[in-house]
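See structure below.
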């Protein structure tokens, strides 16, 4: 089952209202001044999309050139390709060189930590593969943004000590975010507090995932003054609903920026292929309401945008 | 071992498939019921381009890869 997917008939019954800020958010932003120049980035989770040819990418774009084209439009990318195996350093160097030639100013890759570390080894005895992963990923050079580790939905609070050891072992000279999926991390208030305190104490960000089928992951707990939001829209007949959800995020992010939030990474996902159109809308609205100052997406001549 | 179910809509049919992966090498074995359909593997050089020596229908392969990616999202 696609993560967070629900049957279309059920979507209209979902309350997409964003919950109030969590306790950790209040602690994290307490005493901060409004960011004078917040860094806001919007991107997608994949660049190798043939469906985007003649919409975002020029006609006849080859697969080998899709990353070049992607980086001309967006200032960040959630890099899931490195999740499937620990990447070769030469591959990362090759992608980095493409950025040297094409990328928008400030472009950052947001690599997803390899499943070998998170889902196969489940964070136990992972120093060697972690070192290998980090060594390869550092080849991104100036284009390396925060790395995020997703902890699978079958790894719950029983492994708190393992999570704690892992968090404490992460190098301090690299920014990390973590995403938790098991329901018990959020349902038990004591565990929830311990988890987000642990992340805050170690300067690890907490990912907020906004999808239809797992509203508990919209936890609204910021553990650092940086927000990483994975937004999963429904598309199709729900374009209007997706846009209203984005609009509500703008209100919340604006409030956080006023309270001292410094960086935002907003990644648009969809169950359909047109996440770039959702990102296009997001960038336009972020520019209008948050002063994001991101170049707006220009589609190929004749390409259709979404209508609501 | 990692094992999960995916549904792939292809040629007017919904294919309920089981996916298994039991190594650090992300080679996923695909089953329809007990029947093995073959293995698929991501070629990450071009982001996530799925390859298979067993599944020859390129569109079906692409849809299977897409479902695996979305399961892992």
message: I'd like to know if segment A:141-157 contains one or more residues that are part of a helix (DSSP H, G or I), within 21 Å of residue A:179 (Cα to Cα) and in contact (Cβ under 8 Å) with a residue 24 or more places away in the chain.
response: yes
- line: Reported set for segment A:102-111 where residues are crowded, with 17+ Cβ neighbours inside 10 Å and either within 14 Å of chain B (Cβ to nearest Cβ) or free of Cβ contacts under 8 Å to residues at least 60 places away in the same chain (or both) is A:103, A:107, A:109, A:110, A:111
message: Name the residue that is farthest from the chain's Cα centre (by Cα), counting only residues in segment A:28-70 that are modelled with pLDDT of 95 or more, in a helix (DSSP H, G or I) and under 25 Å from residue A:115 (Cβ atoms).
response: A:66
- prompt: For residues in segment B:55-73 being touching a strand residue (DSSP E or B) at 6+ places or on another chain (Cβ under 7 Å) and without any contact (Cβ under 8 Å) to a residue 24 or more places away in the chain, which is nearest to the other protein chains (Cβ to nearest Cβ)?
  reply: B:73
- prompt: Which one is farthest from residue A:209 (Cα to Cα), of the residues in segment B:18-48 that are within 9 Å of chain A (Cβ to nearest Cβ), crowded, with 16+ Cβ neighbours inside 10 Å and touching a strand residue (DSSP E or B) at 6+ places or on another chain (Cβ under 9 Å)?
  reply: B:41
message: Residues that are without any contact (Cβ under 8 Å) to a residue 24 or more places away in the chain, within 14 Å of chain B (Cβ to nearest Cβ), within 29 Å of residue B:50 (Cβ to Cβ) and not in a helix (DSSP H, G or I): does segment A:85-101 have at least one?
response: no
- prompt: Has segment A:216-227 got any residue that is surrounded by fewer than 21 Cβ atoms within 10 Å (Cβ to Cβ) and part of a helix (DSSP H, G or I)?
  reply: yes
task: Considering each of A:78, A:69 in turn, give the residue that is within 14 Å of another protein chain (Cβ to nearest Cβ) and out of contact with any helix residue (DSSP H, G or I) (no Cβ under 9 Å at 6 or more places or on another chain).
output: A:78
message: Please pick out the residue among A:229, A:251, A:191 that is without any contact (Cβ under 8 Å) to a residue 12 or more places away in the chain and either in contact with a helix residue (DSSP H, G or I) (Cβ under 6 Å, 6 or more places away or on another chain) or farther than 22 Å from residue A:116 by Cα (or both).
response: A:251
query: Restricting attention to segment A:256-267, does a residue exist that is outside any helix (DSSP H, G or I) and out of contact with any strand residue (DSSP E or B) (no Cβ under 9 Å at 6 or more places or on another chain)?
result: yes
- prompt: Within segment A:47-65, can you find the residues that are surrounded by fewer than 22 Cβ atoms within 10 Å (Cβ to Cβ) and free of Cβ contacts under 8 Å to residues at least 40 places away in the same chain?
  reply: A:48, A:50, A:53, A:60, A:61, A:62, A:63, A:64, A:65
Flag for residue A:208 being at negative phi, crowded, with 20+ Cβ neighbours inside 10 Å and out of contact with any helix residue (DSSP H, G or I) (no Cβ under 6 Å at 6 or more places or on another chain): yes
message: Which residue is nearest to the other protein chains (Cβ to nearest Cβ), if the candidates are limited to segment A:112-138 and must be touching a strand residue (DSSP E or B) at 6+ places or on another chain (Cβ under 6 Å) and in a helix (DSSP H, G or I)?
response: A:118
statement: Across segment A:25-51, the tally of residues that are touching a helix residue (DSSP H, G or I) at 6+ places or on another chain (Cβ under 6 Å) and within 13 Å of chain B (Cβ to nearest Cβ) stands at 3
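The values are calculated or read from the model by the stated rules, or taken from the named source; none is laboratory data. None of the values given here were measured: they were computed from a predicted structure. All Cβ positions, glycine included, derive from the backbone under ideal geometry; neighbour counts span all protein chains shown.
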